[in-house]
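The values are calculated or read from the model by the stated rules, or taken from the named source; none is laboratory data. Since the structure is predicted, the reported quantities are computational estimates derived from the model, not experimental observations. Counting neighbours? That spans all protein chains shown, and the Cβs are built from the backbone with ideal geometry, glycine included. Side chains are part of the model used for accessible areas, which takes the heavy atoms of the whole protein and leaves out ligands, DNA and RNA. Shrake-Rupley method; radii C 1.70, N 1.55, O 1.52, S 1.80 Å.
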Amino acid sequence: MAHEEIRSPKVYKSTAPFSLATRTTGSRLLHISGQVAQGLDGQTVGKGDIEKQTVQVLENLKALVEQAGGTLTDVARIVVYLLSRDHLPAVMDVRRRYFREPYPATTAVVVAGLANPEWMVEIEATAVLP
């Protein structure tokens, strides 16, 4: 099935060969690639600070959902990748600022590393758009 790329002027677009988000043609599904603590200038936001990084990640995710015509209430599923289990409480606290009940289905995974050693958290999402 064909899909279209969704870009937001509020989110840095890497030169790597992937789309930040795609919407399946003829569908309401929006698939958002793992978002990281990268500001619009491509630099890492909140180096060493899991709360600041999580805020940036969720702001990027929010910008992409809104660019596609939705809101964070349309996010049905997220996957959270963390460098440390100890970061989970801070990430959950920030999530509560962005999501309300019913919360998205969520998977959290502790990983050995992310693509950039400065990044502490990465979140991917699926939204069902109106």
## Note on the structure
For residue 62, counting only aspartates and glutamates whose alpha-carbon sits under 19 Å away and dropping same-chain residues fewer than eight positions off, the answer is 4, 5, 41, 51, 74, 93, 101, 122, 124
### Message
At 1.4 Å probe size, with the rest of the protein present, what percent of the exposed accessible area of the range 19-130 is carbon and sulfur atoms?
### Response
49
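Please give the peptides 6-19, 109-122 ranked by average Cβ packing (other Cβ atoms within 10 Å per residue), highest first, as a rough proxy for protection. All intermediate terms of the calculation are to be shown ahead of the outcome.
Numbers: 6-19: 13.0, 109-122: 15.0.
Final packing ranking: 109-122, 6-19.
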## Note on the structure
The Rg/Rh figure for the range 77-118, Cα atoms and Kirkwood Rh, to two decimals is 1.00
#### Entry: Cα long-axis angle, helix 88-98 against the chain (0 to 90 degrees, to the nearest 10)
40
### Task
Assign unit charges at the C-beta atoms only (+1 for Lys and Arg, -1 for Asp and Glu), then state the dipole size of the range 63-130 relative to its Cα centre in Debye, rounded to the nearest 20.
180
### Task
Assign unit charges at the C-beta atoms only (+1 for Lys and Arg, -1 for Asp and Glu), then state the dipole size of the range 16-130 relative to its Cα centre in Debye, rounded to the nearest 20.
300
### Query
Out of (i) -0.37, -0.97, -1.19, -1.32; (ii) -0.41, -1.06, -1.28, -1.39; (iii) -0.54, -1.07, -1.22, -1.30, which label holds the value of log10 I(q)/I(0) by the Debye sum over Cα atoms at q = 0.12, 0.19, 0.21, 0.22 Å⁻¹ that was computed here?
(ii)
### Task
Provide the per residue accessible area, probe 1.4 Å, for the chain, rounded to a whole number of square angstrom.
54
## Note on the structure
Residue by residue through the range 18-30, the couplings from Karplus 6.51 cos²θ - 1.76 cosθ + 1.60 with θ = phi - 60°, in Hz, x for Gly and Pro, are 7, 8, 5, 7, 9, 10, 5, 4, x, 10, 9, 7, 10
### Summary
Which residues qualify? For residue 3, with a placed amide H closer than 5 Å and at least 5 residues away or on another chain, they are 25
### Task
Any chance you could look up the accessible area of residue 59 with a 1.4 Å probe, heavy atoms only, rounded to 10 Å²?
80
### Task
Using only alpha carbons, build the gyration tensor for the range 60-101 and give me the equivalent ellipsoid semi-axes, biggest first, whole Å.
22, 11, 8
